[in-house]
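The block underneath contains the structure these notes are about, expressed in structure tokens.
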Amino acid sequence: MSNGLALGIDLGGTKIYAVVTDKDHHIISDAKVNTPSGKPPEETAAAIAELGRQALASAGTDFASVDGIGVAIPAPVDPETGDCLHATNLGWKNFSMKKIFRELTGREVYFGNDGNLGILAEYHCGAAKGFRTVIGYYVGTGLGGGIMIDGKLHCGNSGLAGEFGHAIIKQGGRRCGCGHRGCAEAYCSKIAFVKELKKKVFKHGMPTCLPAEKFNAQSRNIKSRQLAKAYLAGDPPVCTVINKGAYMLGVAAASAAAIIAPDCIILGGGVISALGEEMYPVFKRSFDDHLFGIDPAKIQIRFTELGDSAVALGATVLARRNGKV
Ligand SMILES: [Zn+2]
């Protein structure tokens, strides 16, 4: 018997987050656990299912009773099969998410890409509500995104639409983790910030107020709030790197606007949560300067309203609509 509730789970790089929502997208209960690192996919899948079970139990329900179950993953989902067989960044290969979750929950579980589901949630119950065509940029460890066209999530060939982080915005530019040069992610993401900061501080000797125990020649990541603190203190390498990132994000968003002509652009992710207001003026000037055709006043640029819950909420929307979004 359906009870109007839905379960959505966000599998992130460091945390797994589960929410149970009612029909109005209100969060009834939630649960969080660290993502098992370096474990086989079966173990991660079992941890996701167990967290979901806990969130459901807190809401007084279970797998069998909810309207639907959705899971967001940091990998493309095949729009034909609704399955994810390869999640290269998780080290998964030939592993059917659909099959194992059917076994773990006894239900058909719907999967979606995390960036796509974040934008889906903002469209249904967040900052993009009421708009028709929306694109979203999520600046975190990497640079993710999503596209809604005329009220429908656009997944594209092999589920790879909205990979704004790998749109090439500077031919022959900085090397990206994907192997290409000049991708947006190589300029505006924490991966990019850390890489550039290391060059400026350890190679060129620029002074920084970043704490040595959090940032050193071996650093691979840094907390957004450390960057925010340094930026607000006027730290020269941090300001240079982040202003360049904001400028390049403006270039990327203006290029995407020339292709998609959105009514609304959503900015989100950990870096935006910590530094969105500060980055905005540089981003907006660059966006307006590079925009073609559309009057900048006709494109609403908004920060996420749903914050860290967006992706899990998007998974509940996907679940309620049986994957038809
Ligand atoms: Zn790339």
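Only the coordinates and a few stated rules stand behind these numbers; no lab work does. Owing to the predicted nature of the structure, the values given are computational and were not obtained by experimental measurement. Note: ideal-geometry Cβ built from the backbone for every residue, glycine included; neighbour counts use all protein chains shown.
Details
- Percentage relative contact order, the range 238-324, counting C-alpha pairs under 8 Å, at least six apart: 40 percent
- The range 129-304: mean projected area of Cα convex hull, nm²: 10.3 nm²
- Backbone amide hydrogens, once placed in the peptide plane, bring LEU306 within less than 5 Å of ALA127, excluding anything fewer than 5 places away on its chain.
- Comparing GLY115, GLY159, GLY314 in a Gaussian network model of the chain, where Cα atoms under 10 Å apart are tied by springs, the biggest mean-square fluctuation is seen for GLY159.
- In the chain, Cα pairs under 8 Å separated by at least six residues give a relative contact order of 21 percent.
- Each stretch of four or more DSSP H residues adds -39500 (n - 2.57); spread over every residue of the chain, this sum gives -11500 deg cm²/dmol at 222 nm.
- Residue pairs, from the table LYS195/LYS229; LYS23/LYS98; LYS170/LYS195; LYS190/LYS223; LYS195/LYS223, whose Cα atoms sit over 20 Å apart: LYS23/LYS98
- Per residue, the average separation of C-alpha pairs within less than 8 Å and at least 6 apart gives the range 129-304 a relative contact order of 24 percent.
- Taking max minus min of the alpha-carbon positions on each principal axis, the chain gives extents of 62, 46, 33 Å, largest first.
- GluC sites (Glu not before Pro) restricted to DSSP loop in the range 59-109 with at most 16 other C-beta within 10 Å: GLU80, GLU108
- Each residue in HIS26, HIS86, HIS166 was given a count of other beta-carbon atoms within 10 angstrom of its own, and listing them fewest first yields HIS26, HIS86, HIS166.
- Going by neighbour counts of Cβ atoms within 10 Å, the residues ASP235, ASP114 line up, fewest first, as ASP235, ASP114.
- Sparse-neighbour loop sites [trypsin sites (Lys or Arg not before Pro); the range 1-80; at most 16 other C-beta within 10 Å; DSSP]: LYS23
- Gaussian network model of the chain, Cα within-10 Å springs - most flexible of LEU249, LEU104, LEU120: LEU104
- Applying a DSSP loop filter and a limit of 15 other Cβ atoms within 10 Å to the GluC sites (Glu not before Pro) in the range 132-231 leaves GLU213.
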